[in-house]
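Novice: Structure below; questions to follow.
The values are calculated or read from the model by the stated rules, or taken from the named source; none is laboratory data. Note that the structure is a prediction, hence the values are computed from the model and not measured. Here the Cβ positions follow ideal geometry from the backbone for every residue, glycine too, while neighbour counts run over all protein chains shown. All accessible areas refer to the heavy atoms of the entire protein, side chains included, with ligands and DNA or RNA removed. Shrake-Rupley method; radii C 1.70, N 1.55, O 1.52, S 1.80 Å.
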Amino acid sequence: MRLVHKDHEVRVLEEQWQVSRVGTPTRLEVSSEYTRGPSRTVSREWTSGRGESGGLEATETFRFDGAQLRDPLRNTVPASGWTWRGVVLGKL
């Protein structure tokens, strides 16, 4: 994000890299996946196991939604009289 005070504009560049945990001991590794521009990223992770009744159950152990980070910012900018400008090509 870059604030352009003279234009009352917030310029935003969204980038995403795919990161994986590998090896023992675990280390982070950046894969070859890269995206630039607005996207809807939702990640969820479940663990399966036996429930109290003895049957198999899936329990959500992790959830990430990029909109939970971006949307409050995107809503605050115009409410403050500024412009939210997404940038895909070029400089911020």
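Novice: Within region 38-60, can you find the residues that are assigned to a strand (DSSP E or B), over 26 Å from residue 14 (Cβ atoms) and not hydrophobic (A, V, I, L, M, F, W, C)?
Specialist: The first filter runs over region 38-60 and keeps only residues assigned to a strand (DSSP E or B), leaving 42-50, 56-60.
If we keep only those that are over 26 Å from residue 14 (Cβ atoms) as well, we get 46-50, 56-59.
Result: 47, 48, 49, 50, 57, 59.
Novice: I would also like to ask the following. Consider residue 87 carefully, then state whether it is in contact with a Gly (Cβ under 9 Å, 6 or more places away or on another chain), open to solvent by less than 80 Å² (accessible area, probe 1.4 Å), touching a residue at least 60 places away in the same chain (Cβ under 8 Å) and of a type in the set (A, V, I, L, M, F, W, C). First the steps, then the outcome.
Specialist: Working: in contact with a Gly (Cβ under 9 Å, 6 or more places away or on another chain): yes; open to solvent by less than 80 Å² (accessible area, probe 1.4 Å): yes; touching a residue at least 60 places away in the same chain (Cβ under 8 Å): yes; of a type in the set (A, V, I, L, M, F, W, C): yes.
Yes: the conditions hold for residue 87.
Novice: Right, something else. When region 68-89 is examined, which residues are found to be within 21 Å of the chain's Cα centre (by Cα) and assigned to a loop (DSSP other than H, G, I, E, B)?
Specialist: Residues satisfying the conditions are 87, 88, 89.
Novice: Still on this model: For region 2-38, which residues satisfy the criterion of being polar (S, T, N, Q) and either at pLDDT 75 or above or open to solvent by 70 Å² or more (accessible area, probe 1.4 Å) (or both)?
Specialist: Keep residues of region 2-38 that are polar (S, T, N, Q), which gives 16, 18, 20, 24, 26, 31-32, 35.
Selection gives 16, 18, 24, 26, 32.
Novice: Given the criterion at pLDDT 85 or above, touching a Ser or Thr at 6+ places or on another chain (Cβ under 8 Å) and open to solvent by 100 Å² or more (accessible area, probe 1.4 Å), identify the matching residue among 57, 45. Steps first, please.
Specialist: Values: 57 fails: open to solvent by 100 Å² or more (accessible area, probe 1.4 Å).
Answer to the selection: 45.
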